Structures are given as C-alpha cells and as structure tokens.
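The values are calculated or read from the model by the stated rules, or taken from the named source; none is laboratory data. What you are looking at is a predicted structure, and each value in this text was computed from that prediction instead of being measured. Cβ atoms come from the backbone with ideal geometry, glycine included; neighbour counts cover every protein chain shown. To get the accessible areas, we keep the full protein, side chains included, count just its heavy atoms, and leave off ligands, DNA and RNA. Shrake-Rupley method; radii C 1.70, N 1.55, O 1.52, S 1.80 Å.
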Amino acid sequence: MKPRDMVIQEEDATRITQILTRFLGDSGAGEALLINRGGQLLAMDGVSRTLDTVSISALAAAAFSSTAAMAQLLGETEFTMLFHEGAKWSIHVSTVDKEAILLAVFDERTTVGMVRVFAKEAGRAVGAVLGEARARPRPAGEFAAPLNAAESGPAWTPPY
C-alpha cells in the first residue's frame with residue numbers, strides 16, 4: 001500500500017488532540033500516540049514522562065506490520081489490535097484506518113478492557129478526521145512540489 005500525501009491542518013490537529021485527550025480521560029490510559037503505518041508520529045497526548053516516542057512509534061508500527069503476516073497465515077486480512085502487558089506498563093495498539101494506528105500506554109490504574117473500548121471509539125473519530133484531511137485537494141505551492149536535485153542532496157557533508 002502506498003500512503004497518500006496528506007496535510008494535517010491546524011484545525012485537524014486540534015480535533016485530533018481533543019479526541020486523544022478525551023480518550024485518555026475516558027480510558028484512564030497515560031499516553032496516546034497516533035502513528036502512521038511506517039512508524040512516524042502524527043500526534044500525541046498524555047502525561048509528561050520520559051517516553052522515547054520516535055523509537056516506540058517505529059517499533060509499534062513494525063510489530064503491527066509483522067502480525068499482519070501472521071494474520072494472513074490464518075486467513076485474516078490483519079489483526080486489528082495488539083496488547084503487550086508488562087510488570088508496570090502495558091501497551092495497546094489498534095487500527096485507526098489503512099494508514100494509521102493508535103498506541104496507548106497505561107498502567108494498573110485502568111484495564112485493557114477500558115482501553116480497548118475507548119480506543120475503538122477514538123480510532124473511529126480520528127479516522128474520520130484523517131479521511132477528511134486526505135480528501136482535501138493538495139495545496140499548491142512549495143509543499144506540493146517534488147524536491148529538485150539541489151534540494152534532495154545531503155543536508156550536511158562531514159568535513160574530511
């Protein structure tokens with residue numbers, strides 16, 4: 001699947017943040033990350049604790065992708081939800097749409113059932129916002145044009 005170019009405008013980002021904030025309040029999860037299937041962080045909300053969002057986003061997307069192969073072996077298109085339980089922290093990863101997934105980090109103050117119920121609701125709401133963003137015509141101007149040869153070269157060359 002080739003991801004479509006998408007521009008998340010300020011109003012989209014605000015709506016997504018509101019959805020994630022409500023999800024955290026309803027579910028009791030501590031962190032919510034919206035990531036694309038390639039592992040790029042699109043949005044996040046939650047308590048401020050040290051969380052390597054770049055690494056966790058990439059690893060969650062890779063885990064989600066690898067389970068798709070297992071699902072196909074069982075005749076499924078994909079598994080729509082993953083759950084990892086640790087001694088202190090747990091992770092719930094679920095499908096938003098064909099291009100995005102929602103990752104929730106939570107502890108013993110809530111249950112996987114609560115997270116699962118509200119993640120499904122939040123996923124539908126975020127999916128609607130992303131669908132609207134993808135349906136918009138691409139903006140004209142510098143962000144819509146492909147890079148030229150000078151722009152696509154290395155940004156920095158080490159001094160040898």
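Only a single criterion out of (1) in a helix (DSSP H, G or I); (2) exposed (fewer than 13 other Cβ atoms within 10 Å of the Cβ); (3) in contact with a Gly (Cβ under 8 Å, 6 or more places away or on another chain) is not satisfied by Met70, namely (3). Among the residues making up segment 56-115, those that are under 18 Å from Ser27 (Cβ atoms) and acidic (Asp, Glu) are Glu85, Asp107, Glu108. Is it true that Thr77 is open to solvent by 20 Å² or more (accessible area, probe 1.4 Å), modelled with pLDDT under 90 and out of contact with any Asp or Glu (no Cβ under 7 Å at 6 or more places or on another chain)? Yes. Being under 13 Å from the mean Cα position of the chain (by Cα) and in contact (Cβ under 8 Å) with a residue 40 or more places away in the chain, is that true of even one residue in segment 64-71? Scanning segment 64-71 turns up no residue that is under 13 Å from the mean Cα position of the chain (by Cα) and in contact (Cβ under 8 Å) with a residue 40 or more places away in the chain.
Against the conditions (1) in a helix (DSSP H, G or I); (2) at pLDDT below 95, Phe23 satisfies every one except (2). Give me the pairs: first residue in segment 14-31 and among the basic types (Lys, Arg), second residue open to solvent by less than 40 Å² (accessible area, probe 1.4 Å), beta-carbon distance under 6 Å, and six or more apart or on different chains, which are they? Close Cβ pairs satisfying both conditions: Arg15/Val129.
Filtered by the rule that a residue be open to solvent by 40 Å² or more (accessible area, probe 1.4 Å), closer than 20 Å to Ile91 by Cβ and under 16 Å from the mean Cα position of the chain (by Cα), segment 109-140 gives Arg116, Phe118, Lys120, Glu121.
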